[in-house]
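Below is one structure; the comments refer to it alone.
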Amino acid sequence: FKKDAPSGTAKKLAAAVNSVFPGKNIPTHAIRVGDVVGEHKIIFGTIGERIELGHFAQTRDTFAYGAIKTGLWLAHAKPGFYTMDDILQ
């Protein structure tokens, strides 16, 4: 029931793919469907074959766990600006 499309995750994935193929206009498609929590696919295709990379979240608990883990990390961090890369290391 989210309103934004494409999602922030989809935009990041598209930027990563586009960085590998500079100068190409790689299409991005967004579909928001009912109670789908999180589903992202990158599809590389040509005639007769395709490669798919995907991430599928069945529950928002996964995202809540990440938010809690981030909060705990921040509680012990020195003041400053951080990215998710800092937290994941």
Do you know which residues across the stretch 57-87 are open to solvent by less than 100 Å² (accessible area, probe 1.4 Å) and not in a helix (DSSP H, G or I)? A57, T59, A77, G80, Y82, T83
Conditions first: (1) touching a strand residue (DSSP E or B) at 6+ places or on another chain (Cβ under 7 Å); (2) open to solvent by less than 100 Å² (accessible area, probe 1.4 Å). A5 passes all but one, so which condition is the exception? (1)
Would the stretch 4-27 turn up any residue that is assigned to a helix (DSSP H, G or I), among the charged types (D, E, K, R) and modelled with pLDDT under 90? yes
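Report whether or not T28 is touching a Pro at 6+ places or on another chain (Cβ under 9 Å) and open to solvent by less than 100 Å² (accessible area, probe 1.4 Å).
yes
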Under the condition of being open to solvent by less than 80 Å² (accessible area, probe 1.4 Å) and over 16 Å from the mean Cα position of the chain (by Cα), which residue from the stretch 34-56 is farthest from D4 (Cα to Cα)? G45
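Starting from residues that are among the hydrophobic types (A, V, I, L, M, F, W, C) and within 17 Å of V20 (Cα to Cα), keep the ones in the stretch 35-63 and report whichever is modelled with the highest pLDDT.
In the first step, residues of the stretch 35-63 are kept if they are among the hydrophobic types (A, V, I, L, M, F, W, C); the result is 36-37, 42-44, 47, 51, 53, 56-57, 63.
If we keep only those that are within 17 Å of V20 (Cα to Cα) too, we end up with 42-44, 51, 53.
Values: I42: 89, I43: 90, F44: 88, I51: 95, L53: 90.
Of everything passing the filter in the stretch 35-63, I51 is modelled with the highest pLDDT.
The values are calculated or read from the model by the stated rules, or taken from the named source; none is laboratory data. Computed from a predicted model, the values in this text were never measured in an experiment. Backbone-built Cβ (ideal geometry, glycine too); neighbour counts: all protein chains shown. With ligands, DNA and RNA removed, areas are computed over all heavy atoms of the protein, side chains included. Shrake-Rupley method; radii C 1.70, N 1.55, O 1.52, S 1.80 Å.
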